[in-house]
Structures are given as C-alpha cells and as structure tokens.
1. If a residue must be in contact with a Leu (Cβ under 8 Å, 6 or more places away or on another chain), in contact (Cβ under 8 Å) with a residue 24 or more places away in the chain and not hydroxyl-bearing (S, T, Y), how many such residues does segment 27-49 contain?
2. What tally of residues in segment 27-44 results from selecting those that are closer than 18 Å to S61 by Cα and not hydrophobic (A, V, I, L, M, F, W, C)?
3. Looking at segment 12-35, is at least one residue at negative phi and touching a strand residue (DSSP E or B) at 6+ places or on another chain (Cβ under 7 Å)?
4. Could you check segment 50-69 and list, in sequence order, the residues that are within 19 Å of D83 (Cα to Cα) and of a type in the set (A, V, I, L, M, F, W, C)?
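Each reported figure results from applying straightforward, stated rules to the coordinates on display, with no laboratory input. Please read these numbers as outputs of a predicted model, since none were measured by experiment. Don't worry about glycine lacking a Cβ; one is built from the backbone with ideal geometry, like all the others, and counts go over all protein chains shown.
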Amino acid sequence: MLPEEFWQGVDQFNQQEFYACHDTLEALWIEAVEPQKRFYQGILQISVACYHLGNLNWRGSVVLLGEGIGRLSSYQPDYGGIDVTELLSQ
C-alpha cells in the first residue's frame, strides 16, 4: 500500500497545487525502492509538467509529460489504488 504522504500529494495534485505535490512526492521518491520509485517519478514528472503548463513553458511541459506517461504506462491498469489507465487517458 502507498503511504499517507502519497495521498497528500494526490490531493495537492487534484487541487492543482503542482509545486506542493512535487515537494511532497519528491521526499517519498528519494527514499523509495522499485517498483514504487519509478511510479513516484512518473507522477512527479506529470505534476511538474502541469506546473510548467501553468507557466506557459510548453516545451518543458511536453517533455516531462511524455517522460511521466512513459514511466507510468507499465503500471496499468492500476497501482496502489490509483487508476493509472484513467490517469493516462486524461
């Protein structure tokens, strides 16, 4: 199961607090081991992509979104209570 801090990051993401989500999940990612480490990294990259999008940094957003999707695709259909297929379809 994923730790409480992860769900805090999910809430931040859903509230479009992308920088806060990054900070929350980065702490988990640094300490994580596989397979969670790669999963956290994918979520982090999508969060930072959304942050860049909000700052009109199109190139940074596209690059990180592609990398995040690539990392998360192997976790479909779901992982740790997250519907990864649904997330990637958005």
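1. 8
2. Here is the first cut: in segment 27-44, the residues closer than 18 Å to S61 by Cα are 40-44.
Add one more test, that the residue is not hydrophobic (A, V, I, L, M, F, W, C), and what stays is 40-42.
So the count comes out to 3.
3. No - not one qualifying residue is present in segment 12-35.
4. Residues of segment 50-69 within 19 Å of D83 (Cα to Cα): 50, 65-69.
The answer is C50, L65, I69.
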